[in-house]
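Just below is one structure, and these are the notes that go with it.
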Amino acid sequence: MYGTSNAKTPEEYIAEVEETRRGDIQQLHDLVRQVAPELEPTMEFKMLGYGPFHYKYASGRAGKWTKIGIANNKRYISLYCCAADEDGYVAERYRERLPKADIGKSCVRFKRLSDLDEDALRDLISESAAAGWGM
């Protein structure tokens, strides 16, 4: 299973992941639940999500998203950290601490969880959970 899923629960989603990545997805799920237990798990977006929230831009565009998300993609695992403050996007601040990851504004992409520093991931998840979602 790559990309999107029709799973209704995190357990169903994790069970669908191919065996070679299932352990990484499970460990990442467990880490988010441990570090940010206040973020409610959800499956509304065809991936693992934590901390659903509503947003509305000045333009009037509105929607629903999650503070943190986990997706199993064909070539990598994505950890979405939808958080920003006056200093910028939280995920971008972790480029030096997570050098084996490809990091965009709100997305951390990696092939294996073992390539990443667990303390840096814990800090990223904690900071993302505490931060706002926009600048």
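FYI, it's all coordinate maths here, none of it is from the lab. Note that the structure is a prediction, hence the values are computed from the model and not measured. Cβ sites come from the backbone with ideal geometry, for glycine too, and all protein chains shown count toward neighbours.
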For the chain, whose charge dipole is built from +1 on Lys and Arg Cβ atoms and -1 on Asp and Glu Cβ atoms, the candidate among GLY104, ALA62, TYR76 with its Cα farthest towards the positive end is ALA62
With each label point set 7 Å from Cα along the Cα-Cβ vector, what nm distance links TYR55 and LYS105? 0.8 nm
Could you compute the FRET efficiency for LYS74 and GLU38, with r as their C-beta to C-beta distance and R0 at 25 Å, rounded to 0.05? 0.20
How high is the relative contact order of the chain, in percent, counting Cα pairs under 8 Å that sit 6 or more residues apart? 22 percent
Which entry is the computed Kirkwood radius over Cα pairs in Å for this structure: (1) 15.0; (2) 15.6; (3) 14.5? (1)
Report the relative contact order of the range 5-77, percent, no decimals, based on alpha-carbon pairs under 8 angstrom and at least 6 residues apart. 26 percent
Magnitude of the Cβ-charge dipole of the chain, K/R +1 and D/E -1, about the Cα centre, nearest 20 debye? 580 debye
For a footprinting-style exposure proxy, rank CYS82, CYS107 by other Cβ within 10 Å, fewest first. CYS107, CYS82
Of the listed links LYS8/LYS100; LYS67/LYS100; LYS56/LYS100; LYS64/LYS100, those spanning more than 28 angstrom between alpha carbons are LYS8/LYS100; LYS56/LYS100; LYS64/LYS100
